[in-house]
1. With a cut-off of 8 Å between alpha carbons and a minimum separation of six or more residues, what is the relative contact order of the chain in percent?
2. Can you sort Glu380, Glu52, Glu401, Glu174 from fewest to most other Cβ atoms within 10 Å of each residue's own Cβ?
3. Once you've got the Cα coordinates, tell me which of Lys286/Lys375; Lys97/Lys139; Lys330/Lys396; Lys330/Lys433; Lys185/Lys265 are over 31 Å apart.
4. Just going by the charge dipole of the chain, with Lys and Arg at +1 and Asp and Glu at -1 on Cβ, which of Ala54, Pro430, Leu385 is farthest out on the positive end?
5. Where the centre of each part is set by its Cα atoms, how far does segment 6-75 sit from segment 147-177, in angstrom?
6. Just rank Leu406, Leu111, Leu78, fewest to most, by other beta-carbon atoms within 10 angstrom.
7. With the cut-off at 25 Å, tell me which of the pairs Lys199/Lys379; Lys344/Lys438; Lys344/Lys379; Lys24/Lys138; Lys311/Lys438; Lys199/Lys256 have Cα atoms farther apart than that.
8. So what is the relative contact order of segment 2-172, in percent, for Cα pairs below 8 Å that sit 6 or more residues apart?
Amino acid sequence: YNLACSGVRLLVLFSYLVLVSLVKDIRRVFMYHGAEHKVITCFEQGEELTVENARRMSRQHDRCGTSFLVITVLVSVLASAFLPAIDYYQAHFGWNKPLAFLVVFSTRLALLPVVAGVAYEVLKGLARFDNGFVRVLKKPGLWFQKLTTREPDDSMLEVSLTAFKTVMAMDADESIPTVRFRIMKDYRIIRQNVLTDLKESGEPDAIADWIFVEVLGVERSALAAVEQITEEQAEKALAYSKKIKEGEPLQYAIGKTEFYGIALKTDHRALIPRGDTEVLVEEALKEVKEGARVLDICTGSGAIAIALALKSGADVTASDISEDALSLAKENAEQTGASVTFIKSDLFDGITETYDMITANPPYIPSAEVDTLDKFVQKEPRLALDGGADGLAYYKRLAQELPAHLTAGGVFLTEIGHDQGEQVSALFAPMGKTAVIKDLEGHDRVVKVVKDA
């Protein structure tokens, strides 16, 4: 019975190898397998590692995994010979056939590690000797290797030689970095997985484009031509979409955004810079002069201050009450090369100097409306959103404290809510001339104040 089982196992192994060798790509794998054996044999024989020398070597090797499989089958046959058959348990213990089968199967399964260990030691032992008796024992494994190896071409030998030499160099010098193979993924499949996450989060499909623009480092218009991406890129894209699915805004998920053409780091420490605020920067750049002293109140991520410092050459100071926001703003200034001085301050508390221009993007959402905002907006710091009962709390404070810190003829610019233009303008009217500047959609977005001389 055990002999018949071993014969079936060898037949199954043989049939499997014959069948897979009919596949073109598998045959190429077997050719590379042969190249590997030739290169190793060339090294073991002390020959110079060249294509010409490797080509002369045998494609069979004593320590091949194929031989290990064959030896494992043979060792399992010997081990099984000492185990009772199913009939034995039925006859001597009166067990039914299913129970007897389960006992036999479990016993053989438990012996697998032992069988594999013995087979490995046999493989190593046979590789150490070369005589008539040992060669007979090696024959089955070497014969099966004729199925799992093929004669390689010179290009395959070159690949194997390069790989072998690289490994040898890495063994000799641990400072040589490991190189990961690039595994490519189908872009369309990964994109569909990303879209599934976005659909569950209620986000539009267009967000997928921005995820892949970030991951691939290409223009949005180039995505249509993408067919494959690396495994690392796929993992990153899926990690971003998963964060969005869990409620993270896109900018927090990818960790950055673009503001006025400047790449800025974004995270939970500060409000996400938005395109609406670029209206304020545009107006500020029309008014500010090189060398002018500028103060940006409620700086958050530092977006306004950094844009003005980079684009105008002004002497820019930025303040915020939040230590977290200031730490993020400092990181952004450092990575962009912007020269900005940062101060921790609750509006003008602790600030004694005067400035030619003061900008601000204070919280202006009425307290009762904060909890009704989009779920992604609610992930942003409430401190940067909540403008008090009527949304005007910070503007009222600014209107009282601002005059002492703005030079005569100086300009104050503040972002406002889309329906706050008239109210905010009225608060600052005693200071000087006011104007409401609209955004591209025609909504009130910025109040401008020019202090009377």
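1. Taking the mean separation of contacting Cα pairs over the length of the chain, I get 10 percent.
2. On the way: Glu380 20, Glu52 11, Glu401 14, Glu174 7.
Arranged by neighbour count, lowest to highest, Glu380, Glu52, Glu401, Glu174 become Glu174, Glu52, Glu401, Glu380.
3. Pairs exceeding the cut-off: Lys286/Lys375; Lys97/Lys139; Lys330/Lys433.
4. Result: Ala54.
5. Computed from Cα coordinates, the inter-centre distance equals 16 Å.
6. Details: Leu406 21, Leu111 17, Leu78 12.
So the residues, fewest neighbours to most, are Leu78, Leu111, Leu406.
7. Violating the 25 Å Cα-Cα cut-off are Lys344/Lys438; Lys24/Lys138.
8. 39 percent
Every number in this text was worked out from the coordinates using simple rules, so none of it is lab data. Because the structure is predicted, anything quoted here is derived from the model rather than measured. Here the Cβ is made from the backbone with ideal geometry for all residues, glycine too, and neighbour counts use every protein chain on show.
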